[in-house]
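The values are calculated or read from the model by the stated rules, or taken from the named source; none is laboratory data. Note that the structure is predicted; figures quoted are calculated from it, not measured. In this analysis, Cβ positions are derived from the backbone assuming ideal geometry, glycine residues included, and neighbour counts consider all displayed protein chains. Accessible surface is based on the protein model in full, side chains and every heavy atom, while ligands, DNA and RNA are left aside. Shrake-Rupley method; radii C 1.70, N 1.55, O 1.52, S 1.80 Å.
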Amino acid sequence: MHLSPVVDLLCADPATEEVMEAAREGAPAVDVSLAAGAHPALLAALARTDETPVLAVTATGREADDLVTALGELLPDGGTSVAGFPSWETLPHERLSPRSDTVGRRLATLRRLAHPDPTDPQAGRVRVVVASVRALLQPIVKGLGELAPVRLQAGDERPPAEVVEALAAAA
């Protein structure tokens, strides 16, 4: 069930219009108090007002995942403009590598922010980035958004040496 009409109803409220106006004017901070269940709808409304991506910060990774899901129901594109930015599962002193899917999701989000691809819904423009506090506090190497992804699709024919070289270059 698509819930974007809920966002329209929220935007009709005069108090919400004040928040939207402050966001359009570029206010550095807007203090808003509302029921927790209305947070996704307000974020969806903010995402619809401007071309600048909205950064939504949650307390935990689980809350971030839930918010990504909720926004997928509230935005007209079905959530393709929402990008989760997960935190590493490991701590720096543990000397363990993070899972490859976590690395991939982080790189994909950074790439979408730096170079959106309008021809691919999964790599298109990001309206909302959702991250936990932990994900934002973890260091990010400058220039990761510039790293070109290695994409292989069924039916593609590429020399194996070329694919290996591209994967090695991407570490």
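Worth pointing out:
- Between the range 97-171 and the range 72-88, the C-alpha centres lie 16 angstrom from each other.
- For the chain, a Gaussian network of Cα nodes joined below 10 Å ranks GLN122, GLN153, GLN138 by mean-square fluctuation, and the top entry is GLN153.
- Surface composition of the range 36-97: carbon and sulfur make up 56 percent of the accessible area, probe 1.4 Å.
- Computed over the chain: relative contact order in percent, which uses C-alpha pairs under 8 Å that are six or more apart: 23
- Cβ-based charge dipole, the chain, positive-most Cα from ALA44, GLY155, GLY72: GLY155
- Sum of side-chain charges, ARG112 neighbourhood, beta-carbon under 13 Å (Lys, Arg +1; Asp, Glu -1): +2
- Anisotropy class of the range 53-171 from Cα gyration tensor, a/c 1.5 cut: oblate
- Across the range 1-105, the volume of the C-alpha convex hull divided among the residues equals 129 Å³ per residue.
- This model, with +1 at the C-beta of Lys and Arg and -1 at the C-beta of Asp and Glu, gives the chain a dipole about its Cα centre of some 620 debye.
- Compactness index (Cα Rg / 2.2 N^0.38 Å), the range 59-114: 1.29
- Among SER81, SER33, SER132, residue whose mean-square fluctuation peaks in a GNM of the chain (springs only between Cα atoms under 10 Å): SER33
- Across ARG99, ARG112, ARG125, mean-square fluctuation computed from a Gaussian network of the chain (C-alpha pairs under 10 Å connected) peaks at ARG99.
- The residues of the chain expose on average 64 square angstrom of accessible surface per residue, using a 1.4 Å probe on protein heavy atoms.
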